[in-house]
Amino acid sequence: MFNGLHEHMSSNIEKWKEVYDSMSPERETFPEPYHKLHGLEVIAVLKCIRPDKVTLAIQDFIQTQLGDEYLSPPQFDILSSYNDSLCSTPLIFILSPGTDPVSALRRFADQSEMDEDKLHVVSLGQGQGEIAENMIQQGAECGWWVVLQNCHLAESFMSRLEILCHQILPSEDTHKDFRLWLTSYPSPVFPVSLLQDGIKITDEPPRGLRANLLKTYNSNPINDPEFYSNCKELNIPFHKLLFALAFFHALIQERRSFGPLGWNVPYEFNESDIRISVLQLQMMLNECGGSLPIEALVYLTGECNYGGRVTDARDRRLLHCLLTKFYNKQTLEIENYSMCGLKEYCIPVCDDWKEFVDHIGTMPLSTQPRVFGLHQNADITKDSREVDQLFRGVLALEPQISASVATEASTVVVQDLTMEILSRMPPIFDMTLVEDKYPINYSQSMNTVLRQELLRYNRLLSTVKNSMKEVMSAVNGECVMSAEIETTYKALVIGQVPPCWLTRSYPTLKNLARYVADLLHRLKFFNRWIEDGMPDVFWFSGFFFPNSFLTGLRQNFSRKTHTPIDRTYFKFMVLGKEIEDILCECHKPNFIELPENIEYLPTPALRG
């Protein structure tokens, strides 16, 4: 299937480059004879050449094999969970940031025509355990619904809650209408037996613009027919502005996935923001007397509701600019008004709630960065992060085989890998020699920077070598397999950097093979510095702690020119072809050249 793929790519670079440079490589046809690859085969090739598009390729594969319904998460539905429950079954809400299941539960109780005095909510915390216990006992007798909020905060009460549930819920004396509702974030203190016996309900934050819009339109109060049509003579403007507001809410939430490109600070905009904004929108339109209060709506929504969470001045300006694209007169006057320059994202000409929901369903599953006001390359970092999380999750779900019962094949792989890493690791730096050759000098702070960097790399090198020797000894039966050694062993099997390295390492997101290659290049950089003298060009990202290098440069300049260090700053110039002349003039022995081709470890280490 993949025989000769490496050689074919090397000899047909231009054809494969078209796939590599494509904005949608997952939908491109590969050069012959690999044009017949499909499904998982295409995903495997993309993982090698364009890993950032693997998620989209997986979505296309699911859509083709299973259908669209497996790509759209089901809407939050308490009724179906309630119908599956009994008085002996606890219902557990697994919380996620920004969700409020209690308000949804109150609405469900109202829809079920349940008396208000039969729904009792207790927020767990200090001193609330006894109250909650009494409430459960009374509720089991009278047929109440008892809601215990934030179980993860009541660690000391969890063992007592488990005992109460085993005593009261299965009892024949328990009222048939009794229900025990629990809300909790994922927590190790939550009783496992309750998780096994209960019905788990979660309302995960939607992923993607389309899913976000669908959730907004299926949430209260927008999905209430009476509310939706209760704007008197301005129903059409209300529905258009409502769609624009929902789109704005989805857009600012999805911008968080772009990291610092989206927002300087990741804000937790949630359902309460959109709910109060929708209520204010209807109230303002009902009371405006025929004129549309656009400026008042922009102020209330942008400055009070959403703006109240924004702390950064530039983020506040961005929020206001985005909101004015949706709350404006063009939204009402222009038919099929496009809110981001793409016809797929326009305000439909319709009035019915169902028609708006159907229109949202026709939107693309994946959203272009242009919709968010970003460059198309903004997707690269976001998609790469999502793919990395996806494959880390896949590896975590694999059967966890203890190192003590590992297969012979995995043992051989780990032995070969540890020997390979140990053979490639250089000896630790001789600090005595470095201190003699680069003593502490008032006029040259780079000597101090070099010594600090070498100390950090020596600690990392010692950790790498010791952990590899411990794994070798444990595999050979020469020492006991401790928990830390077993964790290192499992990381080597799946090609990830062992956690004990990361505690001593510089920040990195690389897998094991790329991490070892990168570490060797960094050590080579400092070896050349020690042997040939301070370089003319520095590998900035090769420093363990780049801030110390920048501080050293400022100190050198300040001491040479007698300028206060707090008045010195860096000025940057963007160079074009001039950089080639500068590099040619660099003294060759002192110029740090990084090899273009990175040497990788054997294939088993590249897994994941």
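The values are calculated or read from the model by the stated rules, or taken from the named source; none is laboratory data. Just so you know, these numbers come straight off a predicted model, no measurement behind them. Cβ sites come from the backbone with ideal geometry, for glycine too, and all protein chains shown count toward neighbours. Note: areas computed on protein heavy atoms with side chains; ligands, DNA, RNA excluded. Shrake-Rupley method; radii C 1.70, N 1.55, O 1.52, S 1.80 Å.
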For labels at A296 and E172 in the simple 7 Å Cα→Cβ model, what's the distance in nm?
6.5
Determine how large the accessible area of S467 is when every protein chain is in place; take a 1.4 Å probe and give Å² rounded to the nearest 10.
10
K329: accessible area at probe 1.4 Å, nearest 10 Å²?
130
Counting only protein chains, not ligands or nucleic acids, how are H249, H120, H375 ordered by accessible area (probe 1.4 Å), most first?
H375, H120, H249
Electrostatic dipole magnitude of the chain [Cβ: Lys, Arg +1; Asp, Glu -1; Cα centre; debye, to 20]
2280
With every protein chain left in place, what is the accessible area of R107 in Å² (1.4 Å probe, nearest 10)?
70
Quick one: length gained pulling L71 to E113 fully straight, 0.36 nm per residue minus the C-alpha distance?
11.7 nm
DSSP-defined antiparallel bridges as percent of all bridges, the chain, nearest 5:
10
Determine the sum of side-chain charges near R50: Lys and Arg each +1, Asp and Glu each -1, restricted to other residues whose C-beta is under 11 angstrom from that of R50.
-3
Please work out the FRET efficiency for the pair T432 and C479, using the Cβ-Cβ distance as r and a Förster radius of 25 Å; give the result to the nearest 0.05.
0.20
Reach of K354 by Cα under 30 Å, taken over lysines that are not fewer than 8 positions away in the same chain
K200, K215, K232, K240, K325, K329, K343
V265/L195 FRET efficiency (R0 35 Å; Cβ-Cβ; nearest 0.05):
0.50
Based on the Cβ-Cβ distance of E420 and R27, what FRET efficiency does E = 1/(1 + (r/R0)^6) give at R0 = 51 Å, to the nearest 0.05?
0.85
For the chain, longest principal axis from Cα atoms; helix 446-475 axis from its Cα atoms; angle between them, nearest 10 degrees, is 80
Relative contact order in percent for the chain (Cα pairs under 8 Å, 6+ apart) equals 10
Largest-first ranking of L5, L182 by accessible area, probe 1.4 Å, whole protein assembly kept, is L5, L182
Please give the Cα centre distance for the stretch 153-176 versus the stretch 1-57, rounded to the nearest Å.
56
Of the cross-linked pairs K15/K510; K490/K524; K382/K510, which ones have a Cα-Cα span greater than 21 Å in the structure shown?
K15/K510; K490/K524
Computed label-point distance, nm, for sites M534 and V412 using a 7 Å Cα→Cβ extension
5.3
Where nothing but the Cβ of Lys and Arg (+1) and of Asp and Glu (-1) is charged, how large is the charge dipole of the stretch 124-247 around its Cα centre, in debye to the nearest 20?
740
Once the mean of 1/r over all distinct C-alpha pairs in the chain is inverted, the Kirkwood radius in Å reads 29.8
Cβ charges +1 (Lys, Arg) and -1 (Asp, Glu), total dipole of the stretch 140-204, debye:
60
How far, in nm, would the chain grow between S156 and D224 when pulled straight, counting 0.36 nm per residue and subtracting the alpha carbon separation?
20.4 nm
Taking Cα atoms only, helix 54-65 is inclined relative to the longest principal axis of the chain by an angle, in degrees rounded to 10, of 50
Along the dipole axis of the chain (charges at Cβ: +1 for Lys and Arg, -1 for Asp and Glu; origin at the Cα centre), the most positive-end residue among V102, S423, Q376 is S423
Just name one of W16, I58, P31: the one whose Cα is farthest towards the positive end of the charge dipole of the stretch 1-59 (beta-carbon charges, Lys/Arg +1, Asp/Glu -1).
I58
Roughly how tilted is helix 235-254, in degrees to the nearest 10 and between 0 and 90, from the longest Cα axis of the chain?
30
With a 1.4 Å probe and all protein chains kept in place, how do K325, K240, K15 rank by accessible area, largest first?
K15, K325, K240
Sequence-separation-based contact order of the stretch 47-156, relative, with Cα cut under 8 Å and 6+ spacing, percent:
18
Among F391, Y438, I360, which residue has its Cα furthest toward the positive end of the charge dipole of the stretch 347-487, with +1 on Lys/Arg Cβ and -1 on Asp/Glu Cβ?
Y438
In nanometres, what is the gap between the two model label sites at D84 and S123, each 7 Å from Cα along Cα-to-Cβ?
3.0
